[in-house]
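The values are calculated or read from the model by the stated rules, or taken from the named source; none is laboratory data. Bear in mind the structure is a predicted one, so any value in this text is a computation, not a measurement. Here the Cβ is made from the backbone with ideal geometry for all residues, glycine too, and neighbour counts use every protein chain on show. Just the protein is used for accessible areas: all its heavy atoms, side chains included, with ligands, DNA and RNA removed. Shrake-Rupley method; radii C 1.70, N 1.55, O 1.52, S 1.80 Å.
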Amino acid sequence: MKFPIFKTKIEGKDKVFNLTDPAGRNEYFHYKADEEIDKLKDYVRENTCIVYLLGKKNSGKGTYSKMFAEIINPDRIEHFSVGDMIRGVNKEILDPDKKKDIEDYLKKNYRGWVPAEDLIKAIESRDTKTLLPTELILALVKREIAKRPKKTIFIDGFPREMDQVSYSLFFRDLIGFREDQDVLAFIDVPTTVIEERIKWRRICPICNTSRSLKLLPTEHVGYDQEKEEFYLICDNPKCSGHDKQKLVPKEGDELGIAPLKDRLELDQKLMEKAAALYGIPKVFLRNAMPAESAKDYVDEYELTPEFEFSWDEGKKQVKVVQKPWTVKDDEGITSYSLLAPPVVVSLIKQLSKVLGL
């Protein structure tokens with residue numbers, strides 16, 4: 001798939017924004033896409049649409065859609081993950097009353113080849129690799145959307161299998177959104193970016209705050225002289241281990257994308273098949289762009305920074321050096337990874353256009 005390079009740079013302007021600060025991010029969005037933001041705000045007050053997010057696992061689908069909602073209207077826009085939905089149902093059926101509610105809902109709304117009672121058993125005994133019937137997923141998604149009346153919805157994780165791509169053509173009819181516009185949003189992230197995000201991820205064992213030793217460190221970085229390695233210290237003020245708790249790798253992260261290889265390949269095939277569909281508007285978002293042309297399309301502060309650490313023995317402190325993160329894209333081209341906000345600017349402008357605003 002070929003993803004166009006989207007330009008966020010405004011020629012002749014050199015204003016710089018702090019994209020890690022909510023206030024700075026808000027100012028940035030209005031500076032870059034004020035007209036489209038106003039149009040989308042007006043749109044979601046009276047209208048709704050469904051955006052199917054298609055991208056590889058860990059490509060940022062949740063981050064982009066939630067940031068979009070943050071700037072447009074968080075009360076009128078919601079993101080939900082099909083994976084989270086299934087995990088939620090697994091928890092619900094542990095409660096007898098909630099289990100009966102789900103059974104009753106499926107008996108009324110499910111249409112398929114497996115009895116509703118057997119579907120509940122399948123959910124209860126399911127492991128992470130066992131696929132549930134597409135018809136069951138459709139019924140559960142309908143149930144989830146019913147909880148969000150009159151809202152624009154970003155769906156993460158549907159379609160998830162090749163046979164589900166065709167369902168997206170008429171899915172809005174199934175859920176009663178007959179007049180809604182549906183949109184396919186494709187997200188392109190180099191595999192190297194996904195792998196680096198996983199390998200350098202660090203988690204607080206107390207509050208589960210997630211950061212990256214390489215890409216998103218905490219305010220305080222420590223150094224273990226015996227092991228000769230740097231580590232992050234939790235800076236979440238709500239954490240009971242605040243200012244002293246060491247963040248640790250998540251189990252299995254050292255394997256990178258190896259356990260996800262099959263999933264990533266299927267995600268790519270899903271995007272390619274869905275991209276060939278006619279009659280449904282498409283939005284193309286890219287996380288990285290060629291380094292040689294980046295300066296013509298984006299501002300430097302929109303690039304993902306990489307953090308390098310060194311130990312100053314004399315001062316007994318960690319020195320930090322920050323620079324744009326350089327990666328190889330899937331075609332081997334040296335590229336810069338983008339922070340989430342410029343990708344969301346691209347989403348705002350493209351979605352405004354495909355909705356005819």
Inset, instruction - Express in whole angstrom the spacing between the alpha-carbon centres of segment 228-262 and segment 298-357. - result: 20 Å
Legend entry - Check: segment 32-152 dipole with +1 on Lys, Arg Cβ and -1 on Asp, Glu Cβ, in debye: 220 debye
Legend entry - GNM flexibility winner over the chain from Asp38, Asp188, Asp118 (Cα, springs under 10 Å): Asp118
Inset, instruction - Calculate, for Ser240 and Lys41, the FRET efficiency according to 1/(1 + (r/R0)^6) with r their C-beta to C-beta distance and R0 41 Å; round to the nearest 0.05. - result: 0.55
Legend entry - Percent accessible area from carbon and sulfur atoms, segment 31-163, protein chains only, probe 1.4 Å: 48 percent
Inset, instruction - Tabulate in residue order the Karplus-calculated ³J(HN,Hα) for segment 189-205, using 6.51 cos²θ - 1.76 cosθ + 1.60 with θ = phi - 60°, rounded to whole Hz; enter x for Gly and Pro. - result: 10, x, 4, 4, 5, 4, 5, 5, 4, 6, 5, 9, 5, 10, 10, 6, x
Legend entry - Label of the coordinate-derived value, mean projected area of the Cα convex hull in nm², listed as (i) 18.4; (ii) 27.1; (iii) 20.8: (iii)
Inset, instruction - Take Val141, Val318 and sort them by solvent-accessible surface of the protein heavy atoms, 1.4 Å probe, largest at the top. - result: Val318, Val141
Legend entry - Additional length obtainable on full extension of the chain from Lys319 to Ile206, 0.36 nm per residue less Cα span: 38.0 nm
Inset, instruction - Could you pull out every residue, at least 5 positions away or on a different chain, whose amide H is within less than 5 Å of the one on Lys9? Hs are placed 1.01 Å off N in the peptide plane, and Pro or chain starts have none. - result: Val298, Asp299
Legend entry - Candidates Arg143, Arg87, Arg201, ranked by Gaussian network fluctuation over the chain, Cα under 10 Å, top entry: Arg87
Legend entry - Hz values of 3J(HN,Hα) by residue in segment 321-330 - Karplus curve (6.51, -1.76, 1.60), Gly and Pro given as x: 10, 10, 8, x, 7, 9, 9, 9, 6, 5
Inset, instruction - Taking amide H positions as placed in the peptide plane 1.01 Å from N, state which residues far from Arg202 in sequence (5 or more) or on other chains have amide H under 5 Å from it. - result: Arg211, Ser212, Leu213
Inset, instruction - Sort Arg45, Arg202, Arg111, Arg211 by accessible area with a 1.4 Å probe, largest first. - result: Arg111, Arg45, Arg211, Arg202
Legend entry - Structure-based [θ]222 nm, the chain - -39500 (n - 2.57) summed over DSSP H runs of at least 4, per residue, nearest 500: -11500 deg cm²/dmol
Legend entry - Solvent-accessible surface (1.4 angstrom probe) belonging to Glu228, in square angstrom, nearest 10: 140 Å²
Legend entry - C-alpha long axis of helix 22-46 to longest principal axis of the chain, angle in °: 20 degrees
Inset, instruction - Any chance you could look up the accessible area of Ile10 with a 1.4 Å probe, heavy atoms only, rounded to 10 Å²? - result: 50 Å²
Inset, instruction - Calculate one ³J(HN,Hα) per residue across segment 77-82 by plugging θ = phi - 60° into the Karplus curve 6.51 cos²θ - 1.76 cosθ + 1.60, and present them in order as whole Hz with x for glycine and proline. - result: 10, 9, 10, 9, 9, 5
Inset, instruction - Could you order Leu40, Leu132 so the one with the most accessible surface comes first? Probe is 1.4 Å. - result: Leu132, Leu40
Inset, instruction - At 1.4 Å probe size, with every protein chain present, just tell me what the per residue accessible area of the chain comes to in Å². - result: 53 Å²
Legend entry - Distant-in-sequence amide H partners of Val283 (H built 1.01 Å from N, under 5 Å): Leu184, Ala185, Phe186
Inset, instruction - Calculate, in nm to one decimal, what Lys199 and His220 gain on full extension: separation in residues at 0.36 nm each, minus their alpha carbon distance. - result: 5.6 nm
Inset, instruction - Express in Å², to the nearest 10, the accessible area of Val321 obtained by rolling a 1.4 Å probe over the protein heavy atoms while all chains stay in place. - result: 80 Å²
Inset, instruction - Considering only Gln225, Gln181, Gln317, give the residue with the highest GNM mean-square fluctuation for the chain, with springs between Cα atoms whenever their separation is below 10 Å. - result: Gln225
Inset, instruction - Identify unpaired cysteines across the chain, taking unpaired to mean no other cysteine Cβ lies under 4.7 Å from the residue's Cβ. - result: Cys49
